[in-house]
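The values are calculated or read from the model by the stated rules, or taken from the named source; none is laboratory data. Just so it is clear, the structure is predicted and the values come from calculations on it, not from any experiment. Cβ: placed from backbone, ideal geometry, glycine included. Neighbour counts: every protein chain shown.
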Amino acid sequence: MDVLELYRRTGALLEGHFLLRSGWHSPVFLQSAALLQHPLYAEAVGEALGKLFEDEKVDFVIGPALGGIVLSFVVAKALGARALFAEKDGQGGMTLRKGLTVNPGDRFLAVEDVVTTGESVRKAIRAAEARGGVLLGVGAIVDRSGGKADFGVPFRALLKLEVPHYPPEACPLCRGGVPLEEV
């Protein structure tokens with residue numbers, strides 16, 4: 001599967017000057033929602049990501065809201081597991097909504113569309129672990145961390161993409177006067 005081609009085909013690969021959720025700036029943004037809005041592509045991505053963890057016995061798959069909701073669903077479907085999501089708790093962390101069950105000892109996979117720093121998926125992991133879940137691995141459609149993302153468990157991605165990203169104070173796009181776009 002050519003993941004980058006799917007991003008291109010769906011208009012989900014954007015170029016310019018973007019403020020990432022991490023607070024860093026980048027000339028490239030991957031708008032995964034534009035890709036995952038297509039059920040056939042979403043399912044194909046979920047199946048491919050699920051295959052990377054097919055030897056694990058997973059009780060549930062969790063992703064951070066909003067971007068990880070569709071992804072957790074399609075990966076969970078591929079693995080025959082439950083799909084959960086974590087949402088912002090208003091205090092800088094994430095929590096699980098009532099009715100989303102995690103039993104002590106449940107084994108889980110955490111997923112994210114694009115990992116740059118990994119902070120969003122870490123918050124979802126902490127929410128599941130707070131309920132007694134046991135993390136087996138982390139999966140992503142795209143790893144753009146440059147090999148820096150470490151979750152203490154296997155981290156696997158469909159695509160490793162070297163894309164520059166800068167702290168705001170060192171951004172050459174800012175210095176060049178390129179307008180910043182929040183995404």
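When residue 46 is tested against the conditions (1) under 13 Å from the mean Cα position of the chain (by Cα); (2) surrounded by fewer than 15 Cβ atoms within 10 Å (Cβ to Cβ), the lone failure is (2). Taking the residues in the range 1-37 that are more than 11 Å from residue 181 (Cβ to Cβ) and among the small types (Gly, Ala, Ser) as candidates, determine which candidate is surrounded by the fewest Cβ atoms within 10 Å (Cβ to Cβ). In this case the residue turns out to be 11.
Restricting attention to the range 110-139, and to residues there that are in a loop (DSSP other than H, G, I, E, B) and small (Gly, Ala, Ser), which single residue is farthest from residue 71 (Cα to Cα)? Among them, the one singled out is 132.
When 146, 176, 105 are checked against the criterion of being surrounded by fewer than 14 Cβ atoms within 10 Å (Cβ to Cβ), in contact with a strand residue (DSSP E or B) (Cβ under 8 Å, 6 or more places away or on another chain), free of Cβ contacts under 8 Å to residues at least 60 places away in the same chain and over 22 Å from residue 51 (Cα atoms), 105 stands alone in meeting it.
Just one of the numbered conditions (1) modelled with pLDDT of 95 or more; (2) under 19 Å from residue 39 (Cβ atoms); (3) not acidic (Asp, Glu) is not true of residue 103: (2).
Against the conditions (1) closer than 24 Å to residue 75 by Cα; (2) among the basic types (Lys, Arg); (3) at pLDDT 95 or above, residue 97 satisfies every one except (3).
When you scan the range 3-97 for helices (runs of 4 or more DSSP H) that lie fully inside it, which ones turn up with 2 or more residues that are under 24 Å from residue 134 (Cα atoms) and either touching a residue at least 40 places away in the same chain (Cβ under 8 Å) or among the polar types (S, T, N, Q) (or both)? So that I can check it myself, show each step before the final result.
Values: elements: 3-9, 32-36, 39-51, 67-79.
Per the criteria, 39-51, 67-79.
Among the residues that make up the range 160-169, is at least one of them of a type in the set (Phe, Trp, Tyr), out of contact with any Gly (no Cβ under 9 Å at 6 or more places or on another chain) and surrounded by fewer than 20 Cβ atoms within 10 Å (Cβ to Cβ)?
Step one: filter the range 160-169 for residues of a type in the set (Phe, Trp, Tyr), giving 166.
Retained after the next criterion (residues that are out of contact with any Gly (no Cβ under 9 Å at 6 or more places or on another chain)): 166.
Then drop every residue that is not surrounded by fewer than 20 Cβ atoms within 10 Å (Cβ to Cβ), which leaves 166.
Yes, the conditions are met somewhere in the range 160-169.
Within the range 150-159, the residues that satisfy the criterion of being within 12 Å of the chain's Cα centre (by Cα) and either of a type in the set (Gly, Ala, Ser) or crowded, with 19+ Cβ neighbours inside 10 Å (or both) are 155, 157, 158. Scan the range 82-101 for residues that are buried (at least 20 other Cβ atoms within 10 Å of the Cβ) and either of a type in the set (Phe, Trp, Tyr) or over 15 Å from residue 68 (Cβ atoms) (or both) and the total you get is 1.
Give 101, 117 a once-over and let me know the one that is of a type in the set (Ser, Thr, Tyr) and farther than 18 Å from residue 157 by Cβ.
On the way: 117 fails: farther than 18 Å from residue 157 by Cβ.
Residue meeting the stated conditions: 101.
When the residues of the range 117-130 are filtered to those that are in contact with a Pro (Cβ under 8 Å, 6 or more places away or on another chain) and not aliphatic (A, V, I, L, M), the one that is modelled with the highest pLDDT is 123.
Just checking, which of 114, 138 is aliphatic (A, V, I, L, M), crowded, with 20+ Cβ neighbours inside 10 Å and modelled with pLDDT under 95? It would help to see each step written out before you state the result.
Working: 138 fails: modelled with pLDDT under 95.
Result of the check over 114, 138: 114.
Each residue in the range 105-130 was checked for being more than 16 Å from the chain's Cα centre (by Cα) and under 21 Å from residue 80 (Cβ atoms), and 3 of them qualify.
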